[in-house]
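Heads up: the structure comes next, in structure tokens.
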Amino acid sequence: MTLPAILHGRLSIPVIAAPLFIISHPDLVLAQCRAGVVGSFPSLNARPVEQLDEWLTRLNAELTPADAPFAVNLIVHKSNARVEADLALCVKHKVPLIITSLGAREDVYAAIHSYGGIVLHDIIDDRFARKAIDKGADGLIAVAAGAGGHAGTISPFALVQEIRQWFDGPLALSGAIATGGAVLAAQAMGADVGYIGSAFIATHEARASEAYKQGIVDGRAADIVYSNLFTGVHGNYLAASIREAGLDPANLPQSDPTKMDFGGAAKAWKDIWGAGQGVGAVDAVVSTGELVARLCAEYAAARARLEIAESAKHCA
């Protein structure tokens, strides 16, 4: 197991903040990186494409070597007509970390590697993991059951152990991770870093409505609904937002996966709130710095508990 060299000594806790559709933007990313976790955003959040050029210029100008690096998420599905233009801007600005989703493409990986960038590809099962590494990805993001947004159904224990049977490179784990103890547990299972999304929605810097943020605070694991209706790809969403849209969360129709569209400017379901099963750990809207501080304290406390338990065993 290994982390990319760019992360060595630059993280206050081994965490990548997941790219949040609509919500992640430069103010949130800057706060995340300054707090010591990798900040990220989907390139499609910058609309029109010219805004992506502005965002990358700002991030490179304002972040320092003392901060954690940032990442850009590229949706490489064929329906995303912007992927080539967004990739060209990432190459222009030498984005240090790229997270690719919904397709493993050798040409995309080669373009990122041309300037020394690192590619992490998100996957929901071992088959897709192998395909991504075979095509040139540097590392993986295992999106397990319980993760917010587009998520898989496989237990994190099963998914990580299958990947670690053949891959010893960079591995992040996503799936209801919302505490520092869960980050340590992810490492104990074999991941290098935790991948946290939903908890960052309930921060002051997040570009989410106050109702959405409060929905994260109020939500519990039982409030999360798994459906492919809204994007054509299965994902997890807050039931309250589905009811607000006039739908029954317990009786949602199936979507046609061939109708996936990640290129359109208008989103019919923009008020459906993505969230993972870890929302029960979020009890207030706080600053990003406060959230990361909490994660760090919990991470240290979890390590201390394990050390005490180990000492007790030796004394017995």
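The values are calculated or read from the model by the stated rules, or taken from the named source; none is laboratory data. This structure is a prediction, so every number in the text was calculated from the model and none was measured. Here Cβ is always computed from backbone atoms with ideal geometry, including for glycine, and neighbour counts include all displayed protein chains.
Only one entry of 68, 88 meets the criterion of being touching a Leu at 6+ places or on another chain (Cβ under 9 Å) and modelled with pLDDT of 95 or more, and that entry is 68.
For the structure I just gave you, tell me whether residue 100 is touching a His at 6+ places or on another chain (Cβ under 9 Å), of a type in the set (S, T, N, Q) and crowded, with 20+ Cβ neighbours inside 10 Å.
yes
Only a single criterion out of (1) closer than 21 Å to residue 89 by Cβ; (2) modelled with pLDDT of 95 or more is not satisfied by residue 6, namely (2). Screening segment 178-223 for helices (runs of 4 or more DSSP H) wholly inside it with 2 or more residues that are under 14 Å from the mean Cα position of the chain (by Cα) and more than 18 Å from residue 271 (Cβ to Cβ) returns the ranges 198-201. As for segment 171-194, it holds no residue that is farther than 26 Å from residue 304 by Cβ and in contact (Cβ under 8 Å) with a residue 60 or more places away in the chain. Would a scan of segment 230-251 turn up a residue that is of a type in the set (S, T, N, Q), touching a helix residue (DSSP H, G or I) at 6+ places or on another chain (Cβ under 9 Å) and in a helix (DSSP H, G or I)? Within segment 230-251, one or more residues are of a type in the set (S, T, N, Q), touching a helix residue (DSSP H, G or I) at 6+ places or on another chain (Cβ under 9 Å) and in a helix (DSSP H, G or I).
The residues in segment 126-139 that are in contact with a helix residue (DSSP H, G or I) (Cβ under 7 Å, 6 or more places away or on another chain) and either more than 16 Å from residue 71 (Cβ to Cβ) or of a type in the set (D, E, K, R) (or both) can be counted, and the count is 4.
Being free of Cβ contacts under 8 Å to residues at least 24 places away in the same chain, in contact with a helix residue (DSSP H, G or I) (Cβ under 9 Å, 6 or more places away or on another chain), at negative phi and not acidic (Asp, Glu) narrows it down to one of 46, 18, 35, so name that one. Sole residue among the options that is free of Cβ contacts under 8 Å to residues at least 24 places away in the same chain, in contact with a helix residue (DSSP H, G or I) (Cβ under 9 Å, 6 or more places away or on another chain), at negative phi and not acidic (Asp, Glu): 46. You will find that of 220, 164, the residue that is over 30 Å from residue 253 (Cα atoms) and surrounded by fewer than 20 Cβ atoms within 10 Å (Cβ to Cβ) is 164 and no other.
Residues of segment 296-309 include at least one that is on the phi < 0 side of the Ramachandran plot, of a type in the set (Asp, Glu), at pLDDT below 95 and in a helix (DSSP H, G or I).
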